[in-house]
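Working notes for the structure below.
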Amino acid sequence: WGTKLNTNMTLIDTQMKVSDDRSATNTTTANAALARSGGTMTGDTAHGDNVKAKFGAGDDLQIYHDGSDSYIDETGTGNLRIRANDQVKLQKYTGENMFVGIADGAASIYYDNSQKLATTSTGVDVTGTVTADQITSDTIEFKTGVNGSGIRGGTNIVVPYKNGADSDGSLDIGRAANRFKDAYLSGGVYLGGTGAANKLD
């Protein structure tokens with residue numbers, strides 16, 4: 001009986017050891033598990049293709065990769081807002097800028113990491129050539145002077161004055177005695193001035 005009891009007790013002890021080890025393993029796993037409320041991740045999370053990270057009661061915000069492209073979808077109500085205290089940068093994966101928005105400052109658009117357009121406190125600053133199919137405006141004024149406003153090349157005015165001393169709607173190319181003038185009110189075309197001797201007949 002002693003031998004048999006000893007053998008049976010050994011079996012029982014072995015089973016208790018297995019149970020104890022399993023319990024310890026379960027405890028370790030449970031301790032390492034992420035809490036459902038207020039848990040903190042300490043490692044990466046892996047999401048397969050078309051496995052979405054969803055946010056919001058109605059899954060309004062979804063982030064995922066479909067095997068070809070990556071998506072940030074706003075599928076619910078409201079707007080998708082990207083906010084920053086200093087700068088918002090849209091970049092190529094190598095770090096090259098495509099768009100940079102500075103808080104309380106300029107918003108800039110880049111071509112191949114080279115800034116081409118930026119907003120300023122007074123308007124827009126463009127680097128390079130502006131190409132457009134059409135520009136439509138009620139009034140275009142490139143220069144304003146004491147005698148009116150128009151498009152100027154240096155001191156020369158090549159469109160009608162809109163106000164000032166020569167507010168007659170005339171077209172001037174050049175200035176003073178060297179100008180070509182199409183006088184609207186007095187009629188006629190003048191070379192070298194507006195006097196009768198300069199009138200082109």
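Every number here is computed from the coordinates shown, using simple stated rules; none is lab data. Because the structure is a prediction, the values reported are computed rather than measured. Virtual Cβ from ideal backbone geometry, glycine too; neighbours counted across all protein chains shown.
The dipole here belongs to the stretch 1-60: it is taken about the Cα centre, uses +1 on the Cβ of Lys and Arg and -1 on the Cβ of Asp and Glu, and is about 260 debye.
When the convex hull of its Cα atoms is viewed from all sides, the stretch 39-80 shows a mean projected area of 3.9 nm².
Full extension of the segment from Asn198 to Thr7, taken as 0.36 nm per residue of separation minus the current Cα-Cα distance, would add 55.4 nm.
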